[in-house]
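The values are calculated or read from the model by the stated rules, or taken from the named source; none is laboratory data. Computed from a prediction, not measured in an experiment: that's the story for all the values here. Virtual Cβ from ideal backbone geometry, glycine too; neighbours counted across all protein chains shown.
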Amino acid sequence: MSFRWIYREPEDADAVATLQDRLGVEEILARLLVLRNITTFEQAHTFFRSSLESLYDPYLMKDMDKAAARVAKAVRNNEHIVVYGDYDVDGTTATSIVYSFLKEFGCCVDYYIPHRFKEGYGISPEGVEYAKEINATLLISVDCGITAIEETKMANELGIDVVICDHHTAGDAIPEALAVLDPKRPDCPYPFEGLSGAGVGFKLVQATLTELGLPQTVAYKYLDLLAISIASDIVPVVDENRILMREGLKILNSHPRPGIKALMDLINLKPGNLNGTRIVFSIGPRINAAGRLGDAKIAVELLIAETEAEANAFAHQLEAINIKRRTIDSDTMDRAVEMLEDVKDIEDLNSLVLHHPDWHLGVIGIVASRLVDKFYRPTIMLSTVDGLAKGSARSIQGFNVYEALKECEDMLIQFGGHEYAAGLTLKEEDIAEFRKRFNLIVDKHLSEKIFEPELAIDAMLNLEDVNTKFWKVLRQFEPFGPMNMRPIFTSENVKVTMTPTIVGNGHIKFKVRQGNSAEFEAIGFNMHEYLPLVRDSEPGKLCIAYVLDENHWNGRTSLQLRLKDVKKMED
């Protein structure tokens, strides 16, 4: 896929020179900081040198005093507690953190993960009934609950106290729970809204330790699970999240817990090289797979496993589920593309709304994202469940798919989500009319839109300037993620020094040099279609867009250019 390159520009151009002078770094590194709204020496010091001591006081979160006091009381009195989580990576890691913490203190604790298709998202009546059946007196929800008005009322009537830990946007009403922890509550003064669900659960653990008179360091053993949550849930990797993720990665790369180690061993992922990207593409999908195909309890069992034997057994189960999930993904994607090939004048469509009654509800969100990558249009994938069309919507930059669905709410039975991703339910017989309506809405909002994806370029880089010192500073920008993405560079007049070839499953690989620079290996994942362009380019007439990364192979580490796009230089 070809991109339109958009070069990012600092809002304050003078700030780059000022910061460069204060820090004594190259101009390009100062530019990268200013693009991240870091314009002063003090902000740069916080960015590069923040530590766990810099974390915010958990009691700044509304209701934390009541929540921590109630959990501490339950710990002291050995009450029966249920930790109620969601079925995705954030939910299962959050469940594992709070469950393991309570288990460590000898509490009588169980966990409950709703079945994706039988119960759906959030606190369910079945989950509340389960808590009552086992005589639980406290239910702690993690990564869900902010909209559970009726379910919380049901728990209260059954004599079960509810503490909600969530990070999703609150509705017009807040559940009448004993405590509702959510940094996105309009009345919550917590200084950082970007915590994951597991992050809110971790703050509860911190505050509970204070109530029990114990040091905060007791909570730090769970930072590995929190790092997986932050990376996988696509929350902003800035502020508190950046500290939590960085410290969690240290644990993952030095002494991962049994379940994570077993999973890493199974997929040949060596500790020491793990970063956010590898979590997103290797660990996260496998933990997510169980919930996508039905029951996420296997994922929790892996994360809380204490012995190597248990961990290995659950890791193998998860991998088998993930292989099945990938097959379903691939088949669904193939079928969707076939359907689009039969559509006349697809270039005239501003959106894609596809329906097949047998598509698996657990994977259509993933496939919708892939169709957006391929066709760069707002995309909705629908399946049929119990006679209703249910599905997932994914969007492109500049188009709020949640607001678009809101314009169609008279046709929808249910919908929810945010700017780039949403879920919806409607009657099957309304799909055709909904497709027309949705496309008109997209056309109205994107009438001037060029349906070609944009690639935001941070800076033009001369490969002659890429040396050990430059890389050492650039690495300190890690961990990368939303709002602190790995910088994308361009280099012009690049000369290909090795015949390009195709490796793996459709990846292009070659070597380049610019001027008197060292020779660098370049690899473009799933970019095999670029082979003729690279192979036939004139010497020194290629322009590449890429990120810098380390390649670890056979015990050797080298810098590698991970390609994003390739163009011929204009004459």
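The one condition from (1) in contact with a Gly (Cβ under 8 Å, 6 or more places away or on another chain); (2) outside the structural domain of Gly515 (by TED's automatic domain parsing) that Phe480 does not meet is (2). Of the residues making up region 469-505, those that are touching a residue at least 60 places away in the same chain (Cβ under 8 Å) and of a type outside the set (Gly, Ala, Ser) number 18. Within region 52-101, if we keep just the residues that are basic (Lys, Arg) and part of a helix (DSSP H, G or I), the residue that is surrounded by the fewest Cβ atoms within 10 Å (Cβ to Cβ) turns out to be Arg76.
Restricting attention to region 377-400, and to residues there that are hydrophobic (A, V, I, L, M, F, W, C) and closer than 15 Å to Leu354 by Cβ, which single residue is surrounded by the fewest Cβ atoms within 10 Å (Cβ to Cβ)? So the residue we want is Ala389. Candidates in region 88-103 are the residues that are in contact (Cβ under 8 Å) with a residue 60 or more places away in the chain and either aliphatic (A, V, I, L, M) or in contact with a His (Cβ under 9 Å, 6 or more places away or on another chain) (or both); of these, the one that is farthest from Ala227 (Cα to Cα) is Val98. Scanning region 467-480 for any residue that is modelled with pLDDT of 95 or more and touching an Asp or Glu at 6+ places or on another chain (Cβ under 6 Å) turns up nothing.
Among the residues examined, Asp21 qualifies as outside any loop (DSSP other than H, G, I, E, B), farther than 30 Å from Leu212 by Cα and of a type outside the set (S, T, N, Q). Starting from residues that are among the charged types (D, E, K, R) and exposed (fewer than 13 other Cβ atoms within 10 Å of the Cβ), keep the ones in region 434-464 and report whichever is farthest from Leu548 (Cα to Cα). Among residues in region 434-464 that are among the charged types (D, E, K, R) and exposed (fewer than 13 other Cβ atoms within 10 Å of the Cβ), the one farthest from Leu548 (Cα to Cα) is Lys436. Residues in region 217-236 that are among the β-branched types (Val, Ile, Thr) and surrounded by fewer than 23 Cβ atoms within 10 Å (Cβ to Cβ) were compared, and the one that is nearest to the chain's Cα centre (by Cα) is Ile234. Every test in (1) under 27 Å from Leu32 (Cβ atoms); (2) of a type outside the set (Lys, Arg); (3) out of contact with any helix residue (DSSP H, G or I) (no Cβ under 6 Å at 6 or more places or on another chain); (4) at pLDDT 90 or above is passed by Glu570 save one, and that test is (4).
Checking each residue in region 12-49 for being touching a residue at least 12 places away in the same chain (Cβ under 8 Å), acidic (Asp, Glu) and exposed (fewer than 14 other Cβ atoms within 10 Å of the Cβ) picks out only Asp12. Residues in region 535-571 that are out of contact with any Leu (no Cβ under 7 Å at 6 or more places or on another chain) and under 16 Å from Phe3 (Cα atoms): Leu542, Cys543, Val547, Arg562, Leu563, Lys567, Glu570.
Considering only residues that are in contact (Cβ under 8 Å) with a residue 60 or more places away in the chain and buried (at least 20 other Cβ atoms within 10 Å of the Cβ), look in region 104-158 and name the one that is farthest from Ala299 (Cα to Cα). Among those residues, the one meeting the criterion is Leu138. With respect to being over 26 Å from Phe525 (Cα atoms), loosely packed, with under 15 Cβ neighbours inside 10 Å, among the aliphatic types (A, V, I, L, M) and not assigned by TED's automatic domain parsing to the domain that holds Phe434, Ala309 fits the description. Of all positions in region 378-399, at least one carries a residue that is among the β-branched types (Val, Ile, Thr), assigned to a loop (DSSP other than H, G, I, E, B), at pLDDT below 95 and closer than 27 Å to Asp443 by Cβ. Count of region 207-243 residues, restricted to those that are among the hydrophobic types (A, V, I, L, M, F, W, C) and farther than 19 Å from Pro271 by Cβ, is 11.
So which residues in region 474-518 are among the acidic types (Asp, Glu) and part of a strand (DSSP E or B), if there are any at all? Passing the criteria: only Glu492. Could you look through region 183-205, keep only residues that are of a type outside the set (A, V, I, L, M), within 19 Å of Ala69 (Cβ to Cβ) and surrounded by 22 or more Cβ atoms within 10 Å (Cβ to Cβ), and pick out the one that is farthest from the chain's Cα centre (by Cα)? Filtering region 183-205 for residues that are of a type outside the set (A, V, I, L, M), within 19 Å of Ala69 (Cβ to Cβ) and surrounded by 22 or more Cβ atoms within 10 Å (Cβ to Cβ), the one farthest from the chain's Cα centre (by Cα) comes out as Tyr190.
Taking Thr332 as the residue in question, decide whether it is among the β-branched types (Val, Ile, Thr), farther than 29 Å from Ala170 by Cα and in contact with a Phe, Trp or Tyr (Cβ under 9 Å, 6 or more places away or on another chain). Answer is yes for this residue. In region 293-322, the residues that are over 20 Å from Asp90 (Cβ atoms) reach residues that are among the small types (Gly, Ala, Ser) and not in a helix (DSSP H, G or I) with C-beta atoms within less than 7 angstrom, at least six apart or across chains, in these pairs: Ala311/Ala305. Restricting Val300, Val372 to residues that are part of a helix (DSSP H, G or I) and within 27 Å of Glu454 (Cα to Cα) narrows the list to Val372.
The residues on offer are Leu559, Leu463, and the sole one that is more than 25 Å from Tyr376 (Cα to Cα), of a type outside the set (Lys, Arg) and at pLDDT 95 or above is Leu463. Among residues of region 354-378 that are in the same structural domain as Glu428 (by TED's automatic domain parsing), those with a beta-carbon under 7 Å from a residue that is aromatic (Phe, Trp, Tyr) and surrounded by fewer than 19 Cβ atoms within 10 Å (Cβ to Cβ) at least six positions away or on a different chain give the pairs Leu361/Phe117; Tyr376/Phe451; Arg377/Phe451.
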